[in-house]
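As structure tokens, the structure follows; a few thoughts come after it.
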Amino acid sequence: MTAAPRRIATVPVIIADPYFYCAAIPAVIILGLSKGGFSGVGTAATPLLALYLPPLEAAALLLPVLISQDMISIYVYRRDWDARNLKIMLPGALAGMGLGWLVASFISDDAGRLMVGVIGVAFVANVWLRSADTIPKIMGITSGMFWGGVSGFTSFMTQGGGPPFQVYVLPQRLPKLVLVGTTTMFFAVVNAMKIVPYFLLGQFTSANFLTSVALLPVAIAANMAGI
């Protein structure tokens, strides 16, 4: 009677390809600067990683890094944020993330990359066309829910929710620290809400999580530099 073959346990390892880190390290640095106060620059992070990974997998790999940076930024800006904007925009963000979850369940990786490109071009066009008016504006509830929804959708798909958020918030001309703190609180909540959908979509792997952990020192240093 022959013995049953012995099963060899596999040990999860981080992504080892140096070309990956040529994209990942700059992506994590710009995320840190964004979380530290330079809101908007983090939009480029997922497109950089999407050169190596499928876009949604790239977004999921960055999520632990983002949440770690959120925790630092929440502490720093805990007294500087605007509750009204959060009350208006977060319900829209939840709806937008639900739509992103639905779309992500059906599209291919190539379609995801195309979507990342279209979103990036739209953001650039918005910057070019944005008014330079310096007079503070009172923004309405409906537009806040709409832009919150767009921000939730793009954040879910590409970790690029900053520009739609800014479309609604920047015209209000909030004080600098209040703007940064409001951005911090908004995306901290949004990022926390992504955990379950990404998990159910199968985007978390042991290798990706360990890679995220390996990138944390760079992420934290960049976050503190941004602050």
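The values are calculated or read from the model by the stated rules, or taken from the named source; none is laboratory data. Remember, it's a predicted structure, so these values are computed and weren't measured experimentally. Counting neighbours? That spans all protein chains shown, and the Cβs are built from the backbone with ideal geometry, glycine included. When the accessible area is computed, the model is the full protein with side chains, heavy atoms only, and any ligands, DNA or RNA have been set aside. Shrake-Rupley method; radii C 1.70, N 1.55, O 1.52, S 1.80 Å.
What do you reckon, is Ile67 within 18 Å of the chain's Cα centre (by Cα), modelled with pLDDT of 90 or more and open to solvent by less than 80 Å² (accessible area, probe 1.4 Å)? So Ile67 passes the test.
Based on what the data block shows, is Phe199 open to solvent by 40 Å² or more (accessible area, probe 1.4 Å) and either of a type outside the set (S, T, N, Q) or farther than 23 Å from Ile25 by Cα (or both)? Yes: the conditions hold for Phe199.
Sub-7 Å Cβ pairs linking a first residue in segment 1-24 that is farther than 28 Å from Thr46 by Cβ to a second residue that is at pLDDT below 80 and assigned to a loop (DSSP other than H, G, I, E, B), at least 6 apart or interchain, number zero. Evaluating Ala104 against the criteria (1) over 21 Å from Lys35 (Cβ atoms); (2) open to solvent by 60 Å² or more (accessible area, probe 1.4 Å); (3) within 18 Å of the chain's Cα centre (by Cα) leaves one unmet condition, (2).
All told, Thr134 falls short of being open to solvent by 50 Å² or more (accessible area, probe 1.4 Å) and either closer than 18 Å to Val28 by Cα or at pLDDT 85 or above (or both). Just checking, does segment 35-42 include any residue being open to solvent by 10 Å² or more (accessible area, probe 1.4 Å), under 17 Å from Leu216 (Cβ atoms) and at pLDDT 80 or above? No: segment 35-42 contains no residue that is open to solvent by 10 Å² or more (accessible area, probe 1.4 Å), under 17 Å from Leu216 (Cβ atoms) and at pLDDT 80 or above.
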